Amino acid sequence: MGSVVLPHLRTGWHVDQAILSEEDRLVVIRFGRDSDADCMRQDEVLYKIADKVKNFAAIYVCDLDEVPDFKSMYELYDACTVMFFFRNKHMMIDLGTGNNNKLNFVLEDKQELIDIIETIYRGAKKGRGLVVSPKDYSTRYRY
């Protein structure tokens, strides 16, 4: 249900405009495939929290089959990837997994995802490019 309701970015231009147009909110983009099971689960969580974070975050989904432009640029090799941008700048987060560029696993806990988005937003408002996650995910997910 989530991927149907969340706004879709259908072209590379739409992705660029979403990132460029937001001045005061964090832009959260889920890159993946709408038909992928992991993406469906992540989209459901994003949909459920969208109303709670609407004051400081805008959430979008982007199907990599429709918009392959960003695969190599952002190294989008995982089935489902969530990336964060603030004022046209890619925001990085240290989750303890070794990959600070993106969230590349499904996070099904709504409150944890809200906490991560809020942490990134607060760090971005202070001018930081890298923030530390409120929780360490290094032992939770096996890579």
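Here are the numbers for this structure:
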quantity: Complete set of residues in region 48-82 that are of a type in the set (S, T, N, Q) and in contact with a Phe, Trp or Tyr (Cβ under 7 Å, 6 or more places away or on another chain); calculated: T81
quantity: Of residues in region 43-77 being at pLDDT below 95 and among the aromatic types (F, W, Y), the one nearest to G127 (Cα to Cα); calculated: Y74
quantity: Whichever residue in region 77-114 is among the polar types (S, T, N, Q) and free of Cβ contacts under 8 Å to residues at least 24 places away in the same chain and, among such residues, is farthest from F31 (Cα to Cα); calculated: Q111
quantity: Residues that are assigned to a helix (DSSP H, G or I) and over 14 Å from the mean Cα position of the chain (by Cα), drawn from region 100-143; calculated: Q111, R122, G123, A124, K125
quantity: Single residue of Y60, Y47, Y74, Y121 found to be touching a residue at least 40 places away in the same chain (Cβ under 8 Å) and touching a Pro at 6+ places or on another chain (Cβ under 6 Å); calculated: Y60
quantity: Where N88 falls short, out of the listed (1) of a type in the set (S, T, N, Q); (2) over 24 Å from R41 (Cβ atoms); (3) surrounded by 16 or more Cβ atoms within 10 Å (Cβ to Cβ); calculated: (3)
quantity: Residue selected from region 1-42 under the condition under 27 Å from R122 (Cα atoms) and of a type in the set (S, T, N, Q), by the criterion modelled with the lowest pLDDT; calculated: S3
quantity: Residue list for region 36-67, restricted to those being closer than 23 Å to E118 by Cβ and of a type in the set (D, E); calculated: D43, E44, D51
quantity: Residue satisfying all of: in region 8-37; of a type in the set (A, V, I, L, M) and under 17 Å from K54 (Cβ atoms); surrounded by the fewest Cβ atoms within 10 Å (Cβ to Cβ) among these; calculated: A18
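Quick grid of which residues meet (1) loosely packed, with under 14 Cβ neighbours inside 10 Å; (2) touching a Gly at 6+ places or on another chain (Cβ under 7 Å); (3) over 20 Å from A18 (Cβ atoms):
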| site | (1), (2), (3) |
| --- | --- |
| M92 | no, yes, no |
| L95 | no, no, yes |
| F105 | no, no, yes |
| E108 | yes, no, yes |
| I116 | no, no, no |
| V131 | no, yes, yes |
| P134 | yes, no, yes |
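The values are calculated or read from the model by the stated rules, or taken from the named source; none is laboratory data. Quick caveat, the model's predicted, so the values are computed rather than measured. Cβ atoms come from the backbone with ideal geometry, glycine included; neighbour counts cover every protein chain shown.
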